[in-house]
Amino acid sequence: MYNYELPGLPERTLKPRSSGLTMVMDKGLSLREVEDFLSVSADYTDIVKLGFGTSILTPKLNEKIDLYKSAGLPLYFGGTLFEAFVVRGLFEDYIRLLEKFGVEYAEVSDGSMDISQEEKCEFIHKLARHVIVLSEVGSKDAEKIIPPYKWINMMKAEIQAGVWKVIAEARESGTVGIFRGSGEVRSGLVEEILQHIPQETILWEAPLKAQQVWFIKLYGSNVNLGNIAPNEVIPLETLRLGLRGDSFDFFHKTTSL
């Protein structure tokens with residue numbers, strides 16, 4: 001994977017992995033852009049999300065899905081698309097959509113619509129019969145603050161319902177959910193969540209560099225991070241390895257020459 005040896009790098013988990021995941025958000029890349037992305041970053045990417053409802057508009061969707069699959073990268077449609085089907089009473093149509101395009105992962109979210117926790121878990125349970133399920137916890141509404149005990153209870157319930165990973169909401173902007181409007185991490189919330197939920201089960205949406213640095217410094221190179229822009233995958237990997245100034249001193253204590 002590396003072009004040359006450098007002693008003392010942090011140990012990264014190997015693909016396919018369950019911790020240290022990098023989830024990339026594709027918001028409408030062209031086929032050529034996907035090819036370019038894969039030629040550079042496929043080795044450092046674990047799963048791809050076709051963001052929100054972009055899959056309904058993306059030209060040559062089947063070809064795009066095939067490109068990702070040929071590189072060994074699973075993908076899924078954004079949770080907002082799931083919500084768009086469910087709010088119209090078309091859940092069974094959504095399952096057929098996944099089957100039509102051969103998509104083997106799915107995200108269940110309720111960030112844009114109101115459904116009960118029981119209903120959400122029932123959707124998770126039904127989908128898990130067909131695909132591997134991720135669920136997203138947290139609202140896309142910056143004004144809606146969910147207290148820590150509710151985050152924990154929701155995550156526990158959704159894990160029990162059958163999810164592979166539970167996603168901590170931040171949007172692609174990194175300014176809601178586990179982050180304040182300024183992009184600052186709600187550190188108390190994160191720390192309380194991790195007292196009750198195993199770290200390897202959580203995928204933290206962290207689109208901004210400062211957020212990625214925060215998680216890596218506290219929880220190590222093999223923390224699960226998502227909503228990463230395609231052109232930020234290698235920069236993120238350098239953060240994980242202490243090969244960027246922001247994490248250099250954390251992994252490698254400098255000495256005087």
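Values quoted throughout were computed directly from the atomic coordinates according to the rules given, and no laboratory measurement underlies them. Since the structure is predicted, the reported quantities are computational estimates derived from the model, not experimental observations. Because the Cβ atoms are built from the backbone with ideal geometry, glycine has one as well, and the counts that use them run over all protein chains shown.
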- Item | Every pair of residues 6+ apart whose Cβ atoms lie under 7 Å, when the first sits in segment 151-169 and is buried (at least 21 other Cβ atoms within 10 Å of the Cβ) while the second is in a strand (DSSP E or B) and among the acidic types (D, E) | I167/E136; I167/E205; A168/E205; E169/E136; E169/E205
- Return the total of residues in segment 80-109 being outside any helix (DSSP H, G or I) and buried (at least 18 other Cβ atoms within 10 Å of the Cβ). 6
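Residues being part of a helix (DSSP H, G or I) and either in contact with a Ser or Thr (Cβ under 6 Å, 6 or more places away or on another chain) or buried (at least 21 other Cβ atoms within 10 Å of the Cβ) (or both): count how many of those fall in segment 68-79.
Step one: filter segment 68-79 for residues part of a helix (DSSP H, G or I), giving 68-70, 79.
Now drop any that are not either in contact with a Ser or Thr (Cβ under 6 Å, 6 or more places away or on another chain) or buried (at least 21 other Cβ atoms within 10 Å of the Cβ) (or both), which leaves 68, 79.
Counting residues in segment 68-79 that are part of a helix (DSSP H, G or I) and either in contact with a Ser or Thr (Cβ under 6 Å, 6 or more places away or on another chain) or buried (at least 21 other Cβ atoms within 10 Å of the Cβ) (or both) gives 2.
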- Note on the structure: Scanning segment 38-64 for residues that are under 19 Å from P16 (Cα atoms), part of a helix (DSSP H, G or I) and not hydroxyl-bearing (S, T, Y) gives L38, V40, A42, D43
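Quick check on this structure: which one of I56, I47 is aliphatic (A, V, I, L, M) and under 16 Å from the mean Cα position of the chain (by Cα)? Even if it seems obvious, please write down each step before you answer.
Values: I56 fails: under 16 Å from the mean Cα position of the chain (by Cα).
On inspection, the qualifying residue turns out to be I47.
Filter segment 196-240 down to residues that are assigned to a helix (DSSP H, G or I) and polar (S, T, N, Q), then give me how many there are.
6
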